Amino acid sequence: MKLLLVEDSEALRRPVVKALKASGFAVDSTGDGKEGLWMALEHDYDVIILDIMLPSLDGREVLKRLREANSDSPVLFLTAKDSIEDRVAGLRLGADDYLVKSFAIEELIARVEALSRRKYQIRSPKLSVGDLTLDRSTKSVKRGEHNISLSTQLFSLLEYLMLNKGTVISRTQIEQHIYDEQVAPMSNVVDTAVCALRKTISVSKDSPSLIHTRRGMGYFMSAENS
Amino acid sequence: MRSIRNQLLIWLLPSFILIAILASSALYFSEKLRLETNLDNELSKLARAVKLVHNMPRNRLGGPGGGRLSTTERINFLRDDESSEFYLQIWDETEQVVSKSKNLDKEELMLVRAQTQTSGNKTHYDSSFSSGENIRLYSFTILAGPLSSDKYATVAMSKSLVNRQLHHFTVKVIIGSAFCCLLLSVILIFVIKRTLTPVHKLAEQLICIEAGSLDYRLDSDVVPAEISPLVERLNQLLARLAQSFVKERQFSNDLAHELRTPLAAIRTTSEVALKWPEQSTIEDHQYIAESAEQLHNTIDSLLSLARIESAGQEFAFECVDIATIVTECISLKAEQIKKRRLRVTLSANNPHIIKSDPYLLRIIISNLINNAVEYAPTNTEVSINANLKDSLLTVSNSAPNLNDNDIKAMFDRLWRKDGSRTDKTHVGLGLSIAYTASQALSLNLIATLSNDKLLHLSLMKR
């Protein structure tokens with residue numbers, strides 16, 4: 001999952017980015033409204049976390065322009081404004097959620113996860129392909145009865161592929177969703193990661209391959225052999 | 001509670017009743033006069049008939065047996081209206097009764113001779129019989145001519161009919177007056193109700209106005225002219241109230257941002273450090289310290305403002321040298337002045353003594369100088385003048401980014417030109433504190449922006 005955080009207070013932005021990254025999200029961040037709008041329009045973020053009082057372009061204006069540009073990325077307003085009027089105005093502008101500062105970081109992460117589930121129209125935190133199950137709430141993966149331990153990045157890759165089960169995902173899409181700006185990967189990094197993931201989720205020699213390659217197009221997950 | 005309706009009813013109803021009583025009395029007396037005049041005319045006619053009968057030979061009256069008729073019958077013969085009974089009594093010169101009508105029986109009429117009349121032209125009198133019957137009488141002289149002596153006569157008529165008519169008229173007048181009073185009261189209540197309808201509607205509209213609907217304005221076109229000024233005043237009051245609410249809301253929003261953002265930063269940094277200790281760095285501690293300092297500055301400034309606001313008149317006025325305070329404040333900012341390459345010019349007599357509270361005056365001057373040094377563009381001039389005619393002190397600096405709206409708002413609590421409030425080093429309370437302190441010292445702090453974008457902050461005597 002790839003997120004955008006637009007928050008002008010660096011003292012707050014830094015720990016939030018750290019927490020989100022530690023929770024397996026790829027995070028881009030900025031402290032400027034205009035730059036945030038540009039990034040949101042350029043990339044397909046799974047969730048955008050937006051402050052309201054921002055330099056150069058107000059958070060509400062950023063959201064308005066995003067919705068005018070037909071961006072359907074879920075937006076969570078993260079702001080100090082706590083009045084009912086402000087919350088209602090924010091939600092009416094097209095925000096999907098509203099969180100008042102100060103907040104518990106766990107709550108922010110839970111809300112971000114809920115918003116990303118809503119984006120992919122999944123109610124349950126559990127995703128499954130064949131006998132492979134991924135639990136987004138406990139960040140755990142099981143194949144049959146075997147627990148599988150994955151690094152944060154491989155977990156994100158598997159989650160992304162499972163969310164788009166049966167759909168071919170290009171390398172570029174994977175790059176955009178799994179890696180943030182700072183860790184812009186070379187194209188073979190995606191291939192290496194997919195290869196590593198295949199090996200990790202193959203718990204025995206009899207385990208059928210769940211990640212398939214469409215040559216020149218990308219990868220997709222399916223329980224059936226292609 | 002005093003009610004306009006009750007007040008009007010209390011004043012107007014008795015007035016109506018009084019007017020009705022006066023009108024009824026006037027009608028009564030005019031009717032009484034009319035009836036008595038009619039009776040007097042009857043008596044006068046009767047007197048003429050008596051005179052005619054006495055001066056006329058008996059056989060002159062027409063009709064069969066005219067010569068055998070009694071005096072009363074002959075008089076009746078001459079009268080147009082024979083239905084009303086009359087009384088007649090005649091005296092000779094020696095006031096001996098010569099004749100009297102039979103219907104008098106034992107009763108005697110009063111003779112009032114012309115020479116005994118004392119009340120000018122008054123010739124008609126009221127009297128009564130021993131039976132209690134009221135009568136109206138008229139005395140006159142029957143001139144007999146040269147051959148016989150004059151006689152005196154009195155004619156009278158009963159007043160019973162007049163009294164009865166007057167009684168009926170009085171009853172009618174009383175009933176009419178009561179009905180008029182009742183009708184007027186109903187009309188009054190209806191008119192008051194209708195007249196006060198706009199006031200009731202106004203009250204209902206005002207009840208509906210709440211904190212969230214202060215942009216609502218009362219319609220002054222549909223109310224009577226008398227309460228139109230009241231509606232206009234209320235609308236002005238609502239506008240001021242709405243403005244105050246907007247300012248208060250802006251203040252609470254700004255305060256929430258000033259307090260919650262550093263608090264959120266401290267909380268999130270701590271939570272992340274606890275949950276993912278491997279992610280924690282020394283920089284995080286630095287950010288926590290900065291956020292705590294930011295919180296401290298905000299709370300400190302707010303407390304200063306609150307203390308000045310609540311200080312009342314507890315100030316120690318003494319002779320203070322403005323030039324010394326200005327010089328000290330400039331020296332405190334010397335490093336920043338040098339760093340920002342500002343040219344600070346001071347124009348003040350040395351010493352420049354005024355009577356004021358030194359503590360508050362220092363707060364005002366230091367905030368004005370701090371503001372100029374912080375926000376004047378680098379490599380520009382900051383001018384401090386204590387020798388101007390109209391002001392105690394004026395601090396001027398270039399402010400190319402300010403506009404007239406900023407000038408109006410710059411003394412508001414937590415106001416910042418930067419709407420996003422990203423800058424952590426300023427809270428937006430300095431000028432507000434200076435303004436409040438100047439108010440406490442009965443001074444005016446006025447901001448003006450000249451055409452060449454020079455901001456002048458002037459401290460003036462009221």
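For the reader, a short list of remarks on this structure follows.
- Taken about its Cα centre, the stretch B:211-250 carries a charge dipole of about 280 debye when Lys and Arg each add +1 at the Cβ and Asp and Glu each add -1 at the Cβ.
- Across peptide A:80-89, the mean count of Cβ atoms from other chains lying within 10 Å of each residue's own Cβ comes to 3.
- Amide proton proximity set for A:LEU54, modelled H, under 5 Å, gap of 5+: A:GLY59
- Gyration tensor (Cα) of the stretch B:259-309, equivalent ellipsoid semi-axes in angstrom: 29, 9, 5
- Rg followed by Dmax, in Å, when the stretch B:312-461 is reduced to its Cα trace: 14.8, 43
- Secondary structure note: in the protein assembly as shown, about 75% of the DSSP beta bridges are antiparallel.
- For the stretch B:359-404 versus the stretch B:119-192, the gap between their alpha-carbon centres in whole angstrom: 99
- With both labels modelled 7 Å from their Cα along Cα-to-Cβ, the B:LYS193 to A:ILE84 distance reads 3.8 nm.
- Over the protein assembly as shown, the Kirkwood radius and the radius of gyration, each from Cα atoms, give a ratio Rg/Rh of 1.49.
- Packing-based order for A:27-33, B:24-30, using average beta carbon neighbours within 10 Å, highest first: A:27-33, B:24-30
- Per-residue mean of foreign Cβ neighbours for A:14-27 is 4 (Cβ atoms of other chains, 10 Å radius).
- Point-to-point label distance, B:GLU108-A:SER56, nm (Cα→Cβ direction, 7 Å offset): 13.3
- Loop-resident trypsin sites (Lys or Arg not before Pro) (DSSP state other than H, G, I, E or B) in the stretch B:322-356 with no more than 10 further Cβ atoms inside 10 Å of their Cβ: B:ARG341.
- Length released on extending from B:SER15 to B:ALA306, taking residue separation times 0.36 nm less the Cα-Cα span: 98.8 nm
- Per DSSP, loop GluC sites (Glu not before Pro) in the stretch B:294-391 with at most 10 further Cβ within 10 Å: B:GLU314
- Relative contact order, percent, chain B [alpha-carbon distance under 8 Å, six or more residues apart]: 10
- Charge dipole magnitude, Cβ of K and R +1, D and E -1 - the stretch A:98-174, Cα centre, debye nearest 20: 260
- Value of [θ]222 nm, deg cm²/dmol, for the protein assembly as shown, DSSP H segments ≥ 4, -39500 (n - 2.57) each, nearest 500: -16500 deg cm²/dmol
- Cα-based shape type of the stretch A:2-119, given that a ≥ b ≥ c are square roots of the gyration tensor eigenvalues and the cut on a/c is 1.5: rounded
- Residue among B:ILE142, B:SER25, A:ASN147 farthest towards the positive dipole end of the protein assembly as shown, charges placed on Cβ: B:ILE142
- Of the trypsin sites (Lys or Arg not before Pro) in the stretch A:6-96, those whose Cβ has at most 14 other Cβ within 10 Å and which sit in DSSP loop: none
- Longest segment of chain A lacking GluC sites (Glu not before Pro) that sit in a DSSP loop with at most 10 other Cβ atoms within 10 Å: A:1-144
- Rounded, prolate or oblate (a/c below 1.5 giving rounded, otherwise prolate when a/b exceeds b/c) for the stretch A:80-149 by Cα gyration tensor: oblate
- Each Lys and Arg adds +1 at its Cβ and each Asp and Glu adds -1 at its Cβ; summed about the Cα centre, chain B shows a dipole of about 1620 debye.
- Mean Cα-pair separation over length for the stretch B:211-250, i.e. relative contact order, pairs under 8 Å, 6 or more apart, %: 48
- Inter-chain Cβ neighbour count for B:281-293, averaged per residue, equals 2 (cutoff 10 Å, partner chain atoms only).
- Computed from backbone phi with θ = phi - 60° and the Karplus coefficients 6.51, -1.76 and 1.60, the 3J(HN,Hα) list for the stretch B:360-374 is 5, 4, 5, 4, 5, 5, 5, 5, 5, 5, 4, 4, 5, 5, 6 Hz; x is used for glycine and proline.
- Descending by average beta-carbon neighbour count within 10 Å, the peptides A:127-134, B:206-213 line up as A:127-134, B:206-213, the highest first.
All of the numbers you see were taken from the coordinates with simple rules; none came from a lab. Here the structure is a predicted model, which means the values were calculated and not measured. Please note: Cβ atoms are built from the backbone with ideal geometry, for glycine as well, and neighbour counts cover all protein chains shown.
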